[in-house]
Every structure is written in C-alpha cells, then in structure tokens.
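> Shown below is the structure under consideration.
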C-alpha cells in the first residue's frame, strides 16, 4: 500500500490508540508517534444493535472494546473536521475496524486512503510499516 510522506497512521485495538506519521517515502514508510490521545469511552451504542450474533452467543463481544473503537472514530472525526488530519491509514483489529466504520464522518472518509484489518497496534512501528508496505 502506498503511504504518502507525512500521512497519518492510526493504530487501534480494543484498548490502545496511537497516531503516527510517515516520515519516510511513499513505498518505504518510517513511522514516528505523533500522539497517544486519552479517550473518553462514552458511546456504547454497539450494545443496542445486534453487533455480532456469534460474539453475543459466545460472550466474546466486549462493549468496552467497541466503545473504545467508537471513541477513536469520534476523535479522528473531530481532527478531520478541524482540518488537522490530512491523509490517513487506519490499522486496527477487525472488530475495532468494523465498529469504527459505523462512526466515520464524511470528512474522515475523504481523508482515508487505506485500512488494514490486522491486530498489530501493539507491534513495533517498524513491523507496522512493513505491514503497510505489504498491503
């Protein structure tokens, strides 16, 4: 996947959110951390919907994780609306990414240049950069 110079990369899992930026080149990303925002998880709307029937039956749907994903999307929406975001790639585990997509604002969607549905938010930035290169 192409990752333009100065593009942002959001690394998300059910508990962690890190915003990085590509300081490298288009096909050779080198990521550096820009922010690790503190989020308030107040949006528990996933519990109202039939989010994941199999997850509900097995007990694996964690509302805290889904609320965290919604909070990340809301934070990114605010940055996009304020014109502070630019191009962005979102790297998140599949469940978080699915919940985030439900909350994307059109301004965030216009900034979005790619998504990677892998649980690598806790990996070293070099490993994330390699995953972007391979995507």
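> Scan region 77-92 for residues that are surrounded by fewer than 18 Cβ atoms within 10 Å (Cβ to Cβ) and assigned to a loop (DSSP other than H, G, I, E, B) and jot them down.
82, 83, 84, 86
> Can you name every residue in region 102-125 that is surrounded by fewer than 16 Cβ atoms within 10 Å (Cβ to Cβ), in contact (Cβ under 8 Å) with a residue 24 or more places away in the chain and in a helix (DSSP H, G or I)?
Hit for region 102-125 is 110, nothing else.
> Check region 36-51 and report whether any residue there is closer than 22 Å to residue 114 by Cα, surrounded by fewer than 17 Cβ atoms within 10 Å (Cβ to Cβ) and either at pLDDT 95 or above or in contact with a strand residue (DSSP E or B) (Cβ under 9 Å, 6 or more places away or on another chain) (or both).
There is at least one residue in region 36-51 that is closer than 22 Å to residue 114 by Cα, surrounded by fewer than 17 Cβ atoms within 10 Å (Cβ to Cβ) and either at pLDDT 95 or above or in contact with a strand residue (DSSP E or B) (Cβ under 9 Å, 6 or more places away or on another chain) (or both).
> Answer with yes or no whether residue 135 is modelled with pLDDT under 95 and more than 18 Å from residue 2 (Cα to Cα).
So residue 135 does not fit the description; no.
The values are calculated or read from the model by the stated rules, or taken from the named source; none is laboratory data. Computed from a predicted model, the values in this text were never measured in an experiment. FYI the Cβ positions are ideal-geometry reconstructions off the backbone, even for glycines, and counts take in every protein chain you see.
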